[in-house]
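The values are calculated or read from the model by the stated rules, or taken from the named source; none is laboratory data. Just so it is clear, the model here is predicted, and its values are computed rather than measured. As a convention, Cβ positions derive from the backbone with ideal geometry for all residues, glycine included, and neighbour counts pool all protein chains shown.
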Protein chains: 2
Amino acid sequence: MGFWKSIFSSPDTASASRTIPFEEYTAVGASPRPNTQAKIYFSTDRNIDLYELEELCDAVGWSRRPIRKVKKAIAHSFIVVSMWEVRGTRRRLIGFSRATSDHAFNATVWDVVVHPEFQSKGLGKALMKYLIKKLRSHDISNITLFADPHVVEFYRGLGFMSDPEGIKGMFWYPN
Amino acid sequence: MGFWKSIFSSPDTASASRTIPFEEYTAVGASPRPNTQAKIYFSTDRNIDLYELEELCDAVGWSRRPIRKVKKAIAHSFIVVSMWEVRGTRRRLIGFSRATSDHAFNATVWDVVVHPEFQSKGLGKALMKYLIKKLRSHDISNITLFADPHVVEFYRGLGFMSDPEGIKGMFWYPN
Ligand SMILES: CC(C)(COP(=O)(O)OP(=O)(O)OC[C@H]1O[C@@H](n2cnc3c(N)ncnc32)[C@H](O)[C@@H]1OP(=O)(O)O)[C@@H](O)C(=O)NCCC(=O)NCCS
Ligand SMILES: CC(C)(COP(=O)(O)OP(=O)(O)OC[C@H]1O[C@@H](n2cnc3c(N)ncnc32)[C@H](O)[C@@H]1OP(=O)(O)O)[C@@H](O)C(=O)NCCC(=O)NCCS
């Protein structure tokens, strides 16, 4: 909260007072809602209100997960990207994604979500491109994910290939 | 090295002197080569000779990877399991696997390998079962991997399902 305040309520002093580098925040364009001052920002700061994240996941119909475990998963992800609609000093969490990784070869993307009010405007694509850019900047060359059938085309549009050379995604669940 | 010595050359004092808990080491049965004193052990210790690991990967024809990056990947994996043939005070690395994870929900298994001399004896299965047990003991319920076409059946035999409910494994590589 304090961080966001320092950036958005005192723009004149922000560049001196903020503690997280500015390149972590990239405006991707005007808000999808016209006639407002809102802008869309990305962040890799993990200090996310977990109840706000839960609301976002609720909005796309995902089943609830224990907050304690979500917190642990975020802490142990390699990169966490959140997407925000910012109007003046107010900001709203409108997108999220994260990736696990061995920090060297492979990363796996999980929990990609854009709030329904903001879908189909290119923001999911922008969020994924931002995550890929971050992973590439850490020299990760093999970015993987497991796509639900209805989003395979979304990821294909970003350059992801399904089952390249016959490689199959496999799952084990306790029974 | 000192660790292995303390376990295998002074069995009487081992339980007092070792620093890594004994449950990390489980004998899985007699060596595949008869008429020896050798046994097979598992370890989750990451302190592996990376040149010995490179030799193991060479033996199954995997392409070489920079040692520096392998070291980083091992350090940032959630669980690393190595499999050893032990004869007296000598041990030989004969299998390996590791998993990345968010420590809460998902794990992804990478680099599963058994030395050709030790394949087709049930050791790959035992190695994977050991890794699954370790992941389950950390409350991970979604264990995933990307299987080359020729090993899909191997993983199916362990209870892994490919493309459950149409979920597709997808890859992004830089071009
Ligand atoms: C999937 C999701 C992240 C996409 O975000 P979005 O902001 O709606 O997507 P975009 O507007 O950036 O779409 C980018 C491109 O993908 C296409 N696309 C988006 N969703 C798609 C879908 N479900 N199926 C096929 N194509 C899709 C768009 O048509 C667009 O194509 P274009 O570049 O040719 O115009 C979003 O719909 C979402 O959160 N869905 C619910 C949660 C979910 O299912 N997540 C994935 C879990 S594996
Ligand atoms: C794949 C590998 C780890 C299997 O280890 P292994 O010790 O030979 O396997 P096991 O002897 O434990 O076999 C267990 C079961 O899987 C089956 N199996 C093993 N390899 C198989 C294969 N390539 N295709 C189909 N089934 C296979 C065995 O028949 C056995 O079946 P059973 O339980 O019904 O008897 C090993 O062959 C290997 O290291 N291969 C080279 C590296 C590689 O390809 N790794 C996977 C990268 S995705």
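The table that follows gives values for the structure above.
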item	result
One residue from A:PHE171, A:PHE96 being modelled with pLDDT of 95 or more, among the hydrophobic types (A, V, I, L, M, F, W, C) and within 16 Å of ligand 2 (Cβ to nearest atom)	A:PHE171
Among the candidates A:ILE140, A:ILE74, A:ILE48, residue that is more than 16 Å from ligand 1 (Cβ to nearest atom), among the β-branched types (Val, Ile, Thr) and either touching a His at 6+ places or on another chain (Cβ under 8 Å) or within 18 Å of A:PHE160 (Cα to Cα) (or both)	A:ILE140
